[in-house]
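Student: Below is the structure I would like to discuss, written out as structure tokens.
The values are calculated or read from the model by the stated rules, or taken from the named source; none is laboratory data. Just so it is clear, the structure is predicted and the values come from calculations on it, not from any experiment. When we count neighbours, we look across all protein chains shown, and the Cβ atoms used for this are built from the backbone with ideal geometry, even at glycine. Surface areas here come from the heavy atoms of the whole protein model, side chains and all, with no ligands, DNA or RNA. Shrake-Rupley method; radii C 1.70, N 1.55, O 1.52, S 1.80 Å.
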Number of protein chains: 2
Amino acid sequence: MANDGQHLARLRDYYARHRVLPSYARIGALVGLNSKASVADLVLRLKAEGFVESTPDRRLKPGKRFFDRPLAESVRTGLPSPAADSSPEGLSIDEYLVAHPSKTVLITVKGDSMIDAGIHPGDVVIIEKRTSANIGDIVVAIIDNEFTLKRLHKERGRIVLKPENKAYPVIRPKGDLEIFGVVVGLFRKYR
Amino acid sequence: MANDGQHLARLRDYYARHRVLPSYARIGALVGLNSKASVADLVLRLKAEGFVESTPDRRLKPGKRFFDRPLAESVRTGLPSPAADSSPEGLSIDEYLVAHPSKTVLITVKGDSMIDAGIHPGDVVIIEKRTSANIGDIVVAIIDNEFTLKRLHKERGRIVLKPENKAYPVIRPKGDLEIFGVVVGLFRKYR
DNA sequence: TACGATAGCGAACGATCGTTCGCCGGTCAA
DNA sequence: TTGACCGGCGAACGATCGTTCGCTATCGTA
């Protein structure tokens, strides 16, 4: 229906507040439908467009397009917003960055050995714990009982750890290389 | 109970996958409890610690501490086995980065004019909207109807915008400088 | 050994869930 | 003017919801 857009907006607001989608009855109260059957129709339409989905328990969950930007803001009184599109609006930063919470750890960066990769001291890197990684990944390895942040490279068939700062040497592990996890994200706070 | 930590981890993973918390019955199947009554006890304990809450419809929703992430000390050299993380020290990424949600905007960075400040194209900067800033702040200014990310400097008594990349020129605004907001944080996702 | 505390189980409860159906009142093309 | 179509309504359905209760098994302390 024509109002589906507004209804979807209400749903997004509710989700932003509670991080959960409500029952059909509450959706009805929320958007102004008096019958759960009407809500069911609405949900069916939203499902068809990919805004919501169902869990196996017949609960609603956000669909792929649920977090799409509404694009309404682009008409801002001559004020352009050309730099901002496809930013993860509606999704919290945490949810955007952390895919597997139980394997995720935050580590504060010490030192500037990766500064050419844009990783500065004081930054916090988001680590997904795992014991293997691909060439080119930035990893946290355990060298001499200490955490080390470096990029994984291959050199004459051997794995090496390359800092991204010319002032630091390449690390060529003698024995096995113990990988603690892989860097999947980063954040930084200015004060 | 002692396993509550693992159970919470399962819940967080489920939420990361589905963006929704499941019913008591499914939680039981998820964490290995055969009775919904046991799940109710578990939920009660998690509620007491602020990890989950209830909506008025008696559904579960994430609580304040649900999005806390363990923060590892990079100096933890002694133990090579990081399995046991019992540290109650957690950090919520959103709360850490966003102090004033209503004044905060996210902008995806285009171009490499600030790359020496560790701000790369594709990064997302966290902007606090305000019309004034201090010397030394990284700001989003409006130049020729476009957003520009630069650092604020003073040059012979006049305000200028300095890129942090030798390949770009300093911008010396002719008239007034219109400031959109100040960069208070940044995040980046690797894939 | 005896005890209270605790975690989990299994069964049962009324309430609410999402779904389905038939009906109503508009809109629009024929 | 008619009639098919469509969004919404209201009632009813079985299924599942979260809650509650009493019970068992295990544990540490006395």
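Results for (1) under 30 Å from B:Val140 (Cα atoms); (2) in the same structural domain as A:Ala16 (by TED's automatic domain parsing); (3) of a type in the set (A, V, I, L, M), shown as yes or no for each residue.
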site	(1), (2), (3)
A:Leu106	yes, no, yes
A:Lys110	yes, no, no
A:Ile138	yes, no, yes
A:Phe147	no, no, no
A:Glu155	no, no, no
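Student: Would you be able to say whether some residue in segment A:176-185 is more than 21 Å from the chain's Cα centre (by Cα) and aromatic (Phe, Trp, Tyr)?
Tutor: no
Student: Among what's in segment B:1-54 and is among the charged types (D, E, K, R) and free of Cβ contacts under 8 Å to residues at least 12 places away in the same chain, pick the residue that is nearest to DNA strand D (Cβ to nearest atom).
Tutor: Residue satisfying both the conditions and the ranking: B:Arg26.
Student: Considering only segment B:1-38, state which residues are of a type in the set (A, V, I, L, M, F, W, C), over 20 Å from A:Thr104 (Cα atoms) and touching a Lys or Arg at 6+ places or on another chain (Cβ under 9 Å).
Tutor: Hits for segment B:1-38 are B:Met1, B:Ala25, B:Ile27.
Student: In segment B:34-51, what count of residues is obtained for those that are more than 9 Å from DNA strand C (Cβ to nearest atom) and either open to solvent by 40 Å² or more (accessible area, probe 1.4 Å) or of a type in the set (Val, Ile, Thr) (or both)?
Tutor: 5
Student: Among the residues of segment B:1-26, which ones are within 14 Å of chain A (Cβ to nearest Cβ) and either hydroxyl-bearing (Ser, Thr, Tyr) or within 11 Å of DNA strand C (Cβ to nearest atom) (or both)?
Tutor: B:Asn3, B:Asp4, B:Gln6, B:His7, B:Tyr14, B:Tyr15, B:Val20, B:Ser23, B:Tyr24, B:Ala25, listed by residue number.
Student: Okay, moving on. Might you check whether a residue that is touching a helix residue (DSSP H, G or I) at 6+ places or on another chain (Cβ under 8 Å), more than 14 Å from B:Ile179 (Cβ to Cβ) and facing chain A (nearest Cβ under 9 Å) occurs anywhere in segment B:107-116?
Tutor: no
Student: The conditions are (1) at pLDDT below 95; (2) outside any loop (DSSP other than H, G, I, E, B), and B:Tyr15 fails exactly one of them. Which is it?
Tutor: (1)
Student: Follow-up. Just to be sure, is B:Leu71 open to solvent by 40 Å² or more (accessible area, probe 1.4 Å), part of a strand (DSSP E or B), facing chain A (nearest Cβ under 10 Å) and at pLDDT below 95?
Tutor: Here the answer is yes, as B:Leu71 does meet what is asked.
Student: Would you pick out the residues in segment B:128-167 that are part of a loop (DSSP other than H, G, I, E, B), more than 14 Å from every other protein chain (Cβ to nearest Cβ) and crowded, with 16+ Cβ neighbours inside 10 Å?
Tutor: Hit for segment B:128-167 is B:Pro163, nothing else.
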